[in-house]
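Q: Questions regarding the structure given below will be posed in turn.
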Amino acid sequence: MGKIAENMRQKLEAAFAPDVLELQDQSHLHAGHAGAHPQGESHFHLIIKAKTFTGKSRVERQRMVNAVLRDELAERVHAFSMEVEGS
């Protein structure tokens, strides 16, 4: 796991104490496309389940995740998709 992914994982664990956390670097699927970095870590897919999200709308859950990963999403990450659920 690269440095960007590890930073993202640590922030998500600290903020949400998730029951499920899968962070997939899908950069290899986008090689040669706009925003792709040769060293990877530019395209991610997140699956996360945590009690913190229970009772929140889909938009609220996504905003919570985006706020925690604000720095990574603003600087290095070109594409980020997510599945966010309460547990």
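The values are calculated or read from the model by the stated rules, or taken from the named source; none is laboratory data. Please read these numbers as outputs of a predicted model, since none were measured by experiment. Backbone-built Cβ (ideal geometry, glycine too); neighbour counts: all protein chains shown.
Q: Working carefully through the options 60, 75, 85, find the one that is in contact with a helix residue (DSSP H, G or I) (Cβ under 7 Å, 6 or more places away or on another chain) and on the phi < 0 side of the Ramachandran plot. Please lay out each step first, then the result.
A: Details: 60 fails: in contact with a helix residue (DSSP H, G or I) (Cβ under 7 Å, 6 or more places away or on another chain); 75 fails: in contact with a helix residue (DSSP H, G or I) (Cβ under 7 Å, 6 or more places away or on another chain).
Exactly one residue qualifies, and that residue is 85.
Q: OK, next. In contact (Cβ under 8 Å) with a residue 60 or more places away in the chain and either out of contact with any His (no Cβ under 9 Å at 6 or more places or on another chain) or closer than 17 Å to residue 3 by Cα (or both): which single residue out of 76, 63 fits that description?
A: On the way: 63 fails: in contact (Cβ under 8 Å) with a residue 60 or more places away in the chain.
From the options 76, 63, the qualifying one is 76.
Q: Let me ask something additional. Only residues that are loosely packed, with under 15 Cβ neighbours inside 10 Å and either at pLDDT 95 or above or closer than 18 Å to residue 68 by Cα (or both): list them for the stretch 1-49, please.
A: Of everything in the stretch 1-49, those that are loosely packed, with under 15 Cβ neighbours inside 10 Å and either at pLDDT 95 or above or closer than 18 Å to residue 68 by Cα (or both) turn out to be 3, 6, 10, 13, 14, 17, 19, 20, 22, 24.
Q: Please specify each residue of the stretch 40-81 satisfying the condition of being farther than 12 Å from residue 18 by Cβ, part of a strand (DSSP E or B) and not aromatic (Phe, Trp, Tyr).
A: The answer is 43, 45, 79, 81.
Q: What number goes with the only condition from (1) modelled with pLDDT of 95 or more; (2) surrounded by fewer than 17 Cβ atoms within 10 Å (Cβ to Cβ) that residue 61 does not pass?
A: With respect to (1) modelled with pLDDT of 95 or more; (2) surrounded by fewer than 17 Cβ atoms within 10 Å (Cβ to Cβ), residue 61 is out only on (2).
Q: Here is a further query. With respect to the numbered conditions (1) touching a helix residue (DSSP H, G or I) at 6+ places or on another chain (Cβ under 8 Å); (2) hydroxyl-bearing (Ser, Thr, Tyr); (3) at pLDDT below 95; (4) surrounded by 13 or more Cβ atoms within 10 Å (Cβ to Cβ), which one is the sole condition not fulfilled by residue 52?
A: Every condition holds for residue 52 apart from (3).
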